[in-house]
1. If R₀ is 41 angstrom, what is the calculated FRET efficiency for the pair LEU43 and LYS10, using the beta carbon separation as r and rounding to 0.05?
2. Ranking request for peptides 103-110, 154-161: highest mean number of other beta-carbon atoms within 10 Å first, then the rest in descending order.
3. For the chain, what's the relative contact order in percent, using C-alpha pairs closer than 8 Å and at least 6 residues apart?
4. What is the Cα coordinate range of the stretch 24-96 on the first, second and third principal axes, sorted by size from largest, in whole angstrom?
5. Provide the per-residue ³J(HN,Hα) series for the stretch 154-169, in order, calculated from phi with Karplus coefficients 6.51, -1.76, 1.60 and θ = phi - 60°, each as a whole number of Hz, with x at glycine and proline positions.
6. Using Cα pairs closer than 8 Å and at least 6 residues apart in sequence, work out the relative contact order for the stretch 42-141, in percent.
7. How far apart, in nanometres, would the label points at TYR124 and GLU163 be if each is projected 7 angstrom from Cα along the Cα-to-Cβ direction?
8. Let me have the relative contact order for the stretch 10-88, percent, based on Cα pairs under 8 Å that are six or more residues apart.
Amino acid sequence: MKIIEFLFPKQCGFCSRVGFEICPDCLKRLVTTLPTCCICKRLNNGYWTHRQCLSTPIQCFTGWYMSEKIQNYLNRKKSAGIYSSHLLLLNKLIVRLGVDRNLNEYSIHQIVSTDITTNRLNRYLAKKIGDTDLSKSHFLLIGECIDRNTDVKQLIEELPHREPLICKIICIFEITQSKDLNHSH
Ligand SMILES: [Zn+2]
Ligand SMILES: [Zn+2]
């Protein structure tokens with residue numbers, strides 16, 4: 001048995017059911033996000049940014065709203081450097097978005113975060129999904145979430161210059177202030 005498995009036996013993080021990283025019932029209860037613009041956070045079709053928010057619109061997909069309970073659980077794992085739940089959710093999201101079918105068209109980068117543990121997680125996730133091959137025509141930025149300190153415009157500006165810019169962002173979670181968005185119904 002690996003020390004990691006000893007510290008965190010495979011058990012659903014949300015309901016403690018044994019044998020699952022996150023069990024199917026709890027996965028179903030996660031609240032899927034509504035499509036919003038990642039700059040102004042207002043609704044917009046297809047997770048696109050508004051033209052008035054970004055001159056070259058991009059899509060920033062988010063998967064689920066992160067309740068306080070989920071956040072507490074995942075933050076403990078994140079601090080311990082255990083990213084299996086994050087990776088499971090990210091892979092589910094990538095399949096749901098259909099991006100898995102053409103991942104090889106993208107140069108894959110992490111969302112740079114000012115928080116060291118989040119930055120480490122995002123680097124891990126991006127590496128797991130693909131490489132940063134700059135000969136690819138499209139960019140895909142990957143991370144846990146876009147926190148309040150993350151400037152999306154700056155993230156995009158820091159990418160190698162490319163015209164036209166074709167960039168997608170995938171975040172597992174959208175941070176919400178609401179406490180009643182926990183996964184119990
Ligand atoms: Zn569960
Ligand atoms: Zn907007």
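1. Efficiency for this residue pair is about 0.65.
2. 103-110, 154-161
3. Value for the chain: 24 percent.
4. 40, 26, 22
5. 5, 4, 6, 4, 7, 6, x, 4, 8, 10, x, 7, 10, 9, 10, 10
6. Once normalised by length, the contact order is 22 percent.
7. 4.0 nm
8. 21 percent
No lab work stands behind these numbers, since they all come straight from the coordinates. It should be emphasised that the depicted structure is a prediction, and the values quoted were computed from it without experimental measurement. In this analysis, Cβ positions are derived from the backbone assuming ideal geometry, glycine residues included, and neighbour counts consider all displayed protein chains.
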